[in-house]
Amino acid sequence: MPVPNSNAAFARKGSNVQKVPGAKSTKAATKKKDEEEAVETGTGWEEWSQGKALVRPPDQMELTEAELKEENTRILTANNPHAPQNIVRYSFKERSYKPINIVDQMAVHFVLEGNLVHQDSEEARKLGVKEGLAQEIATVDATAESEEEKAETSVNPAVDGGDVEEAGDEDRPDSAASRINKKEPKVTNQFNFSDRASQTLNNPMRDRICQTEPPPRSSFSATANQWEIYDAYVQELQKQEKNKEKQKGTHSHKDNGKSKKVMLMETQSEDVTKWTMASKILERTISQNTFDDIAQDFKYFEDASDEFREQEGTLLPLWKFQYDKAKTLSVTALCWNNKYQDLFAVGLGSYDFSRQGCGMLLFYSLKNPAFPEYIYPTSSGVMCLDIHVQYSHLVAVGFYNGCVAVYSLKEEGREPVYKSTAKTGKHTDPVWQVHWQSDDMDSNHNFYSVSSDGRVVSWTLVKNELVFTDIIRLTLTGAVSEGPKGAQAPSIASGTSFDFHKQIDYMFLVGTEEGKIHKCSKTYSSQFLETYDAHSMAVDTVKWNYFHPKVFVSCSSDWTVKIWDHTINTPMFVFDLQAAVGDVAWSPYSSTVFAAVTTDGTVHVFDLSVNKYEAICQQLVVDKKKTKLTHVEFNPIHPVIIVGDDRGYVTSFKLSPNLRKKPKAKKGHELPKGPEVEVAKMEKLLSLLREPDQNSG
Amino acid sequence: MGEEVEAQMKRIEATKGVIGTLVVDPDGVPIRSTLDQSMTLQYAGQLRQLVILARSAVRDIDPQNDLSALRVRSKSNEIIVVTALVYIQSPSKV
């Protein structure tokens with residue numbers, strides 16, 4: 001009890017210069033000092049005189065009244081509080097740890113080694129010897145002698161002669177110690193050591209701490225990859241280029257201005273345009289997932305049953321393409337894109353004379369069957385179209401109202417790039433076929449069109465205009481004249497289809513509504529090179545063979561498909577298909593394979609090298625009574641055909657292996673390849689026919 | 001051009017088997033979504049990391065290359081990410 005009190009009092013006295021302990025209690029804002037009050041009464045008179053305010057040290061512990069009143073007892077014992085009470089030692093005898101009860105309670109507070117030596121102890125003697133050796137110079141002899149003498153004359157003190165010696169001798173009989181004592185005053189402290197101490201006032205230590213505001217920190221982490229390094233280099237390059245541009249001068253300012261505007265525009269809009277590419281890819285990915293099995297079939301399925309069927313093949317239906325707004329229209333034209341072989345164009349219109357409305361031009365990709373890639377609505381029904389072989393963004397279209405137009409897929413608008421009008425020589429009747437030609441001498445693009453008004457017109461794209469040139473006028477030769485005076489007025493035939501020779505540029509065939517096919521030349525505008533009496537009804541399609549330069553096929557609504565050699569007036573092969581034939585197409589991979597579609601919904605595939613009389617595949621692909629097939633086209637590279645019908649649907653089919661037969665290699669010969677083979681194949685067939693012809697004719 | 005893309009997006013969302021679509025800006029904040037809020041945030045957060053990792057992998061091998069699409073097929077779902085677009089589809093066909 002007294003200890004803390006005194007400490008507290010001391011602390012207070014130390015920290016508070018002004019006040020006196022007792023006074024505070026009376027002033028009594030602080031009840032905490034109650035404890036200490038009782039002790040401090042001696043200096044009471046000071047309180048009243050000074051009346052100073054109670055000041056508590058700021059770091060004094062605050063205690064509640066209860067806490068202040070509680071008594072902390074301290075007991076002083078003889079035990080060392082720091083001594084360990086639970087020492088445990090390992091006992092080898094008992095092979096275990098045993099606690100030791102008796103613990104050394106001695107606490108050493110202070111040790112000071114003394115430097116006093118007892119005079120009789122050995123150390124003292126040694127020290128004395130050392131001191132003696134140290135004083136060799138002055139007193140060595142004397143002491144030695146005296147020591148000897150001491151030894152000798154301890155019995156005979158009168159032997160020595162010197163006074164000193166005598167004096168010393170006198171002392172000799174005394175104890176050695178007295179002798180040493182006599183010498184002690186002479187012996188100075190051999191270390192010349194004296195200890196003097198004084199203590200200066202120690203200044204109280206005080207800590208002063210100063211802390212600056214730490215610099216702002218941010219943690220940074222990065223990885224050093226190949227591409228990070230590459231990006232850094234690219235940025236550097238761009239910076240350098242910008243610097244160069246700035247050096248070039250004012251142009252850069254203008255560009256910056258424009259680019260800033262562009263930036264603003266972008267941020268204002270919802271940046272939806274950025275998504276076009278991404279959303280396209282997305283849609284195609286989803287299509288791939290949705291139509292996964294079809295895609296697999298397209299790529300990998302080969303009808304195994306073809307091995308069992310001798311010659312026949314099948315068509316495996318693949319994707320079906322349809323567009324909502326095209327439901328009322330019929331497919332009037334199909335064309336594959338040469339460059340992007342999954343893209344094809346569909347022309348939609350109507351064959352019905354009475355029901356003529358608007359038309360449409362659609363582009364589909366096999367990768368996205370759900371929705372067309374490009375949509376162009378047209379005011380008049382599309383009757384025919386052709387995609388340029390080299391510039392596959394250019395599409396020539398012929399309309400029901402006789403106009404022709406050229407669309408460019410690169411353009412953003414829905415309008416054709418070029419369009420013919422009444423002034424610029426449009427046809428007066430529906431345009432039944434258009435065909436791109438090679439560029440003319442000025443490298444302008446040009447295409448041909450044929451129409452029921454009897455004209456075959458060449459259109460050239462000169463800058464922004466379509467310039468037309470009548471190539472030929474189709475006339476009805478040998479027609480009955482109806483002129484009043486008997487003069488033969490050649491009436492105009494209606495062209496319904498045409499096709500240009502693959503190799504001989506100037507030669508082309510025109511099929512007419514009367515059923516005749518004329519072989520014409522671009523250079524002769526009034527005369528035909530030859531005329532074939534092909535069909536009894538309008539010739540819907542004529543097509544040159546891709547391989548054999550002499551062969552072409554024609555089809556008509558009179559249910560027949562005929563194959564011709566253009567040097568011979570009569571057809572080589574005639575096939576009756578039991579229904580009006582809408583379209584016929586040669587296959588790009590074989591000179592003897594072709595396909596025909598009929599209005600009863602059947603696709604007929606022929607391979608003349610396999611079977612000269614019958615189709616090797618006759619397949620009903622759509623509902624017989626409802627839909628008529630209007631067009632068919634082979635894909636340039638894939639074994640796929642697309643078939644258009646009069647409901648606006650386009651269906652794709654995969655050709656089974658039997659339909660794609662290549663000639664078998666003869667034993668010992670290499671497998672022949674290339675178009676020569678195809679030509680030879682056809683030639684063989686034709687020669688078989690010709691011989692009987694020649695024989696008969 | 002914007003309307004076409006909008007129409008395309010709507011078509012995609014309406015396709016059978018598509019659970020939802022999600023468009024995320026370059027910072028990872030969802031711009032447009034057909035999923036509910038919690039799913040949106042979850043997909044956005046998780047896929048962002050995956051796309052960064054995939055892109056890093058592609059570009060590390062060839063810095064001039066860049067990631068264009070990423071498809072993650074799982075037992076129940078397929079997630080298709082096309083650079084800026086995140087898209088979720090169920091592979092089941094009805």
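Pairs meeting the criteria (first residue in the stretch B:3-30 and loosely packed, with under 14 Cβ neighbours inside 10 Å, second residue at pLDDT below 80, beta carbons under 7 Å, at least 6 apart or on different chains) are B:Lys16/B:Val94. In the condition set (1) in contact with a strand residue (DSSP E or B) (Cβ under 9 Å, 6 or more places away or on another chain); (2) in a loop (DSSP other than H, G, I, E, B), A:Asn611 is compliant with all but (1). Just one of the listed residues (A:Thr541, A:Thr496, A:Thr531, A:Thr512) is closer than 18 Å to A:Gly454 by Cβ, among the hydroxyl-bearing types (Ser, Thr, Tyr) and within 55 Å of the chain's Cα centre (by Cα), namely A:Thr496. Counting only residues that are within 13 Å of A:Ala615 (Cα to Cα) and among the hydrophobic types (A, V, I, L, M, F, W, C), the stretch A:562-580 holds 4 of them. With respect to the conditions (1) modelled with pLDDT under 70; (2) outside any helix (DSSP H, G or I); (3) farther than 30 Å from B:Thr15 by Cα, A:Glu270 falls short on a single one, namely (3). The set of residues in the stretch A:512-537 that are crowded, with 23+ Cβ neighbours inside 10 Å and either farther than 18 Å from A:Asp470 by Cβ or of a type in the set (A, V, I, L, M) (or both) comprises A:Ile517, A:Tyr532, A:Ala534, A:His535.
Conditions (1) of a type in the set (Gly, Ala, Ser); (2) within 28 Å of A:Asp292 (Cβ to Cβ); (3) more than 12 Å from the chain's Cα centre (by Cα); (4) within 13 Å of chain A (Cβ to nearest Cβ), marked per residue:
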| position | (1), (2), (3), (4) |
| --- | --- |
| B:Ala7 | yes, yes, yes, yes |
| B:Leu22 | no, yes, no, yes |
| B:Asp36 | no, no, yes, no |
| B:Met39 | no, yes, yes, no |
| B:Asp62 | no, no, yes, yes |
| B:Leu70 | no, yes, no, yes |
| B:Lys75 | no, yes, yes, no |
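Residues in the stretch A:553-574 that are surrounded by fewer than 23 Cβ atoms within 10 Å (Cβ to Cβ) and among the aromatic types (Phe, Trp, Tyr): A:Trp559, A:Phe573. A count restricted to the stretch A:453-470 and to residues that are assigned to a strand (DSSP E or B) and surrounded by fewer than 17 Cβ atoms within 10 Å (Cβ to Cβ) stands at 5.
Looking at the stretch A:207-249, which of its residues are assigned to a loop (DSSP other than H, G, I, E, B), of a type in the set (A, V, I, L, M, F, W, C) and within 26 Å of B:Asp62 (Cα to Cα)? Listed by number, the residues that qualify are A:Phe220, A:Ala222, A:Ala224. Of all residues in the stretch A:229-242, none that is within 14 Å of chain B (Cβ to nearest Cβ) has its Cβ atom under 6 Å from the Cβ atom of a residue that is in a helix (DSSP H, G or I) and modelled with pLDDT under 95, 6 or more apart or on another chain.
Taking the residues in the stretch A:301-325 that are in a helix (DSSP H, G or I) and at pLDDT 80 or above as candidates, determine which candidate is farthest from the other protein chains (Cβ to nearest Cβ).
A:Lys325
So that you can scan it fast, the table gives a plain yes or no per residue for (1) in a helix (DSSP H, G or I); (2) over 30 Å from A:Gln190 (Cβ atoms); (3) modelled with pLDDT under 80:
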residue	(1), (2), (3)
A:Leu54	no, yes, yes
A:Lys93	no, yes, no
A:Val111	no, no, no
A:His118	no, no, no
A:Arg125	yes, no, no
A:Glu131	yes, no, no
A:Ala138	yes, no, yes
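Does A:Val584 satisfy the condition of being within 46 Å of the chain's Cα centre (by Cα) and either in a loop (DSSP other than H, G, I, E, B) or β-branched (Val, Ile, Thr) (or both)? No, not satisfied. Looking only at the stretch A:85-128, which residues are at positive phi and in contact (Cβ under 8 Å) with a residue 24 or more places away in the chain? Result: no residue meets the conditions.
The values are calculated or read from the model by the stated rules, or taken from the named source; none is laboratory data. In this text the structure is predicted, and so the values were computed from the model without any measurement. Cβ sites come from the backbone with ideal geometry, for glycine too, and all protein chains shown count toward neighbours.
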